[in-house]
Amino acid sequence: MAQPGRPAFSSQNGAGQPQHQPYSNGPVQSPLMNSACMSDGQGHNSLVPGLYSQQMATKHPLHASSGLYNYGGSQHVSPSSNYHGPGQTLNRPTTGSTSLATSQVGPVTQMFPPLQNSAAISTSSGANLPAHSNWQYGQTPLNQPMMGSQANHFAHSSATAAVQPLPSGNTTLPTSYHYVSSPGGPPVQNSYTKPGSASLPVNQLTYSPVRPPLGPPPIASPALTRPTAPPASIASEPVQNSTTKQEAGDATSIASDGSLIQNNYDTIEGGGFLANMQSPSAPQNLKMNRHVGSSYPSLPPGYQNTSPPGAPRMQSSGLQYQGGPQQFPPPALGMNPLAASLGGLSLQPEGLRSINLLQDRNILPAVPLQPPAPNLHEDIQKLNCSSELFRCTLTNIPQTQALLNKAKLPLGLLLHPFKDLSQLPVVTSSTIVRCRSCRTYINPFVSFLDQRRWKCNLCYRVNDVPEEFMYNPVTRVYGEPHKRPEVQNATIEFMAPSEYMLRPPQPPVYLFAFDVSHNAVETGYLNTVCRTLLDNLDLLPGNTRTKVGFITFDSTIHFYSLQEGLSQPQMLIVSDIEDVFIPMPENLLVNLNESKELIQDLLKTLPEMFTKSLETQSALGPALQAAFKLMSPTGGRISVFQTQLPSLGAGALKPREEPNQKASAKDIHLTPSTDFYKKLALDCSGQQVAVDLFLLSGQYADLASLGCISRYSAGSVYYYQSYHHQHNPLLVEKLQKELKRYLTRKIGFEAVMRIRCTKGLSIHTFHGNFFVRSTDLLSLPNVNPDAGYAVQMSVEESLTDMQVVCFQSALLYTSSKGERRIRVHTLCLPVVTQLSDVYLGADVQAIMGLLANMAVDRSVSASLSDARDALVNAVIDSLSAYRSSVLTIQQPGLMAPISLRLFPLYVLALLKQKAFQTGTNTRLDDRIFTMCQVKNQPLVYLMLMMHPNLYRVDNLTDEGALNISDRTIPQPPILQLSVEKINRDGAYLMDAGSVMFLWVGKNCGQNFISHVLGVSDYASIPHNMTHLPELDTAESSRVLAFISWLREQRPFFPILYIIRDESPWKPSFLQNMIEDRTESALSYYEFLLHIQQQVNK
């Protein structure tokens, strides 16, 4: 049990925060349900006339406290005064300019008054948690009074909104199905196989809208009445009727100028379950039997002809179905009946076994650990979402919060929603079928009551099956809606109709901002970046509308006119960094195809233009303000390259790191020193602009402050410590490879994501890089396939009578080809009532991923020592609960269920990584960057960074090897991270995610040294060797194939260091030996003894 006075993770990051903190990422006590009235909205409008005639999204807050916008990564925002953010693109007099001449543009009187309302933001990242709190994973209500609305600099919308009536049924347009290959996406879109499965050859299938004769028309279901729209002046209308209805109807609101504009993305994507629980139009059928049916994956056509109690029976449609309207009960979605009857003992005896960790210390599996498979009916599990995309910390969901609290394990989800997939069914249909109450997308886990009605698996509302959905374009059969691809695939992508757009899909716009100060020129990074850009210019995701622009900066800001017809680019210099403006309204962002030659000329000359610069100052903040003003009319991506601490203008920073001071658990500057970058990021997010930061600094650059620009705008952070083209050539290759991936990978623009879950469950904290636009709507100006997200959940209501629960994520985005798309993932898990079953289904890697995210927040909001203590207490509490509540016979030692056998090892590994280690000379920016990776990396990469894999590679064979594309990939066993497992006559490869070490023992065989390393003897191995030669030997081929295969599986490029005994990289190699004692950390065995002592108290 959690001990009083011990730090442990709270359910929320708002615990213990001051009462008047209006911004929080902790749980809000159902704000959608108890709002008294609607408050002013937070809008954002198109700032440059002519580019987009339609106005931008207007963001409606949720209720009277609706400054309560949550910011990404479980952050809260507190009031601040007088921030006049970069509000508009200002049209100032155009400067006369000559080819690459430096035309000075002085300050000009601002033509428009500054906007007065500003984003209220604090510098803290995460709520101020008490230093000592009892363990609590569940959600705790916020009882403090809410503050008035806050808004950023975007235009207000009126407090009264015209509320449109809810339409009946689904939005239906003229019938048109196309199952098409995604342009620029995976080549195979039509196989309807589970993501992650082997790629199968599939031909493109296009369905023409020719329907077979239908026979007598079916009898329509009873007409649904529409609620009448209340007068627009009623301010006390429940907010769900204005902010959460979506593609149904043209929701509008009133802008500050009195014009009607479309509602926000919350309106477009549709409200979450909480937003619609009290919808007056929803039939009250929630008291029905909650036995959820299935989509009949293996049964002949036919339906249970049942109706809800008291509902009128449907008349026969007159349609003839093969075999007649047979009645049969659908298979259970829950646990396998045999497993349920025997308590799981007959099917999973291994999973219920307890082990003594002090005796069985060699527990690391020799192959990569697989997530536990949910104990579902076989037919249902075949349809479930891939664990690579959607993973839950507990694959057996406890029925009550009390049971969850008793287990002392966190409940949460880890998502990789935009992952590159080899198989992705893409559906083009005029009707996207969704629940009319909670807006869940139809999925494999809904149940069909008959051929005309389906029951939502999240809120249990009964919905009508639209006429168009009755026809299956794959089988070309009418009357089998349960066999359509939407009901056969847990991961699917819809081509969204125009109702899912607030404006025309934006063009792909890429702006590059380069630091060109003397320090930046010295590093030589411009050569690498410009060369890589030149090589990949044609591979940038986009179409004929793609736009590109460039900004450089030192103590001034340089713009580049790339107007079609110019003989060479023109530079325009703005020296007034205190009041930044755009020197000319056009030709700074230009069409890539039309101005390609000018762009290529600029990229060829940029590295040489500043070689003689003696300017040492860096005005990063003003450059970002200028970039924001340039990008805000359309949205897009800003890629900023920075090499030093910003020293001029807004956002200037001062050194905070004390050199040569060993990192203690206190006095570490993990919080931002200014809120400038956070405020600017929120402004960017409002205008659909994301900022990606490339930091190439040899000195302290305050990544804790700079990283906010990416974190809150849904961007990414890349860090290349001590980058130099001559002194550190390894980083040149790393930057080149990672920049190529960055430039050419798939990208989604103006995206929003919502995660829904079955009634009774609730989400209360989000982790990742984003901005929480409403209670549960994540704003992602850019979304990329390398980003991961995590959420914490709680059981709000008892899940009595439920066999399963479901989770669904919906990502609405604009592709680089200008298509509006919706990618939907649905996960189904069983509900259990026994504590032993909860432990049985624990996914230890997912638990670690969620705890790592929580620990980063705790480090920032409280202290590093609190985060470390809470991680240790997580192990103690869960094993104590298991010992006291599950074990029937108390045994000596440290007992753990087999599902949690690696829990102590993984926690110790996390404590020894840069983000959380103490007592070492970890550079502050290194620590912050590792924390950024924890918050933004998908689980598979996070686990590798946390607990590296160790392989012996001097004796590789083809036994058990993989055969991929005519290549043979050896699969050596994974070894424990201890020097005990290392033999001096072997060679060992350590894969730590972003770095690899090849350790060669002193007595390593001559065969490996000569046939793999290509040297005559051990003494001839160079100290700085980082590349393996390609030799014409079987040994060399196997090692190179294995290393290449490991590198190909991740979006970043790991550097390889070959280490011998005297190598300077040997300490880094040994530091990753998690199970061994270090100067400042316990060994694994000592850690287990400490855990046992606490458990037995």
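Overview of values
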item: Filtered residues of the range 720-730 (kept if in contact with a Phe, Trp or Tyr (Cβ under 9 Å, 6 or more places away or on another chain) and touching a residue at least 24 places away in the same chain (Cβ under 8 Å)); result: Tyr720, Gln721, Tyr723, His724, His725, Leu730
item: Members of the range 435-463 found to be on the phi > 0 side of the Ramachandran plot and either open to solvent by 10 Å² or more (accessible area, probe 1.4 Å) or touching a Gly at 6+ places or on another chain (Cβ under 8 Å) (or both), listed by number; result: Arg439
item: Among (1) closer than 17 Å to Tyr510 by Cα; (2) surrounded by fewer than 18 Cβ atoms within 10 Å (Cβ to Cβ); (3) of a type outside the set (D, E, K, R), the one test that Ser555 misses; result: (1)
item: Subset of the range 1047-1061 that is assigned to a loop (DSSP other than H, G, I, E, B) and more than 35 Å from the chain's Cα centre (by Cα) - its residue that is surrounded by the fewest Cβ atoms within 10 Å (Cβ to Cβ); result: Asp1061
item: Single match in Asp925, Asp958 (criterion: buried (at least 16 other Cβ atoms within 10 Å of the Cβ), in contact (Cβ under 8 Å) with a residue 24 or more places away in the chain and of a type in the set (Asp, Glu)); result: Asp925
item: Which numbered condition Val791 fails, given (1) open to solvent by less than 20 Å² (accessible area, probe 1.4 Å); (2) touching a Leu at 6+ places or on another chain (Cβ under 7 Å); (3) not in a strand (DSSP E or B); result: (3)
item: Qualifying residues in the range 606-624 (those that are touching a strand residue (DSSP E or B) at 6+ places or on another chain (Cβ under 9 Å) and not in a loop (DSSP other than H, G, I, E, B)) - the one nearest to Ser673 (Cα to Cα); result: Leu620
item: Output for the range 876-909, where each listed residue is of a type outside the set (Gly, Ala, Ser) and either part of a strand (DSSP E or B) or closer than 20 Å to Ser978 by Cβ (or both); result: Leu894, Met895, Pro897, Arg901, Leu902, Phe903, Pro904, Leu905, Tyr906, Val907, Leu908
item: Subset tally (residues that are in a strand (DSSP E or B) and closer than 25 Å to Leu827 by Cβ) for the range 458-491; result: 4
item: Residue match in the range 813-835 (condition: open to solvent by 10 Å² or more (accessible area, probe 1.4 Å), within 30 Å of Leu376 (Cβ to Cβ), assigned to a helix (DSSP H, G or I) and in contact with a Ser or Thr (Cβ under 9 Å, 6 or more places away or on another chain)); result: yes
item: Of residues in the range 866-906 being of a type in the set (Ser, Thr, Tyr) and in contact (Cβ under 8 Å) with a residue 12 or more places away in the chain, the one most open to solvent (accessible area, probe 1.4 Å); result: Ser884
item: Pairs, first basic (Lys, Arg) in the range 616-632, second buried (at least 24 other Cβ atoms within 10 Å of the Cβ), C-beta under 6 Å, six or more apart; result: Lys629/Pro86
item: Matching residues, the range 966-984, being assigned to a loop (DSSP other than H, G, I, E, B) and farther than 13 Å from Ile1043 by Cα; result: Asp966, Pro973, Ile974, Gln976, Leu977, Ser978, Ile982, Asn983, Arg984
item: Whichever residue in the range 855-865 is open to solvent by less than 10 Å² (accessible area, probe 1.4 Å) and not polar (S, T, N, Q) and, among such residues, is modelled with the lowest pLDDT; result: Leu864
item: Top-ranked residue of the range 499-522 - restricted to ones that are open to solvent by less than 10 Å² (accessible area, probe 1.4 Å) and in a helix (DSSP H, G or I), ranked as nearest to Gln726 (Cα to Cα); result: Ala520
item: Which listed residue is under 37 Å from the mean Cα position of the chain (by Cα), farther than 17 Å from Pro507 by Cβ, buried (at least 21 other Cβ atoms within 10 Å of the Cβ) and in contact (Cβ under 8 Å) with a residue 24 or more places away in the chain, from Leu606, Leu588, Leu572; result: Leu606
item: Identity of the residue in the range 532-544, in contact (Cβ under 8 Å) with a residue 24 or more places away in the chain and in a helix (DSSP H, G or I), that ends up surrounded by the most Cβ atoms within 10 Å (Cβ to Cβ); result: Leu533
item: Subset tally (residues that are over 30 Å from Arg820 (Cα atoms) and of a type in the set (Gly, Ala, Ser)) for the range 494-542; result: 3
item: Positions within the range 990-1012 being among the charged types (D, E, K, R) and without any contact (Cβ under 8 Å) to a residue 60 or more places away in the chain, in sequence order; result: Lys1002
item: Failed condition for Asn1003, given (1) farther than 26 Å from Val732 by Cβ; (2) open to solvent by less than 70 Å² (accessible area, probe 1.4 Å); result: (2)
item: Matching residues, the range 987-1046, being in a loop (DSSP other than H, G, I, E, B), over 22 Å from Leu962 (Cα atoms) and of a type in the set (S, T, N, Q); result: Ser994, Asn1003, Ser1016, Asn1024, Thr1026
item: Residue in the range 464-482 that is surrounded by the most Cβ atoms within 10 Å (Cβ to Cβ), counting only those that are under 24 Å from Val805 (Cα atoms) and touching a residue at least 60 places away in the same chain (Cβ under 8 Å); result: His482
item: Pair list, Cβ under 6 Å, 6 or more apart: the range 383-412 residue free of Cβ contacts under 8 Å to residues at least 40 places away in the same chain and closer than 18 Å to Pro444 by Cβ, other residue in a loop (DSSP other than H, G, I, E, B) and not aliphatic (A, V, I, L, M); result: Ser387/Pro371
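The values are calculated or read from the model by the stated rules, or taken from the named source; none is laboratory data. These numbers come from a predicted model, not from an experiment. Note: ideal-geometry Cβ built from the backbone for every residue, glycine included; neighbour counts use all protein chains shown. The protein model used for the area step is the full one, side chains on, heavy atoms only, and it has no ligands, DNA or RNA in it. Shrake-Rupley method; radii C 1.70, N 1.55, O 1.52, S 1.80 Å.
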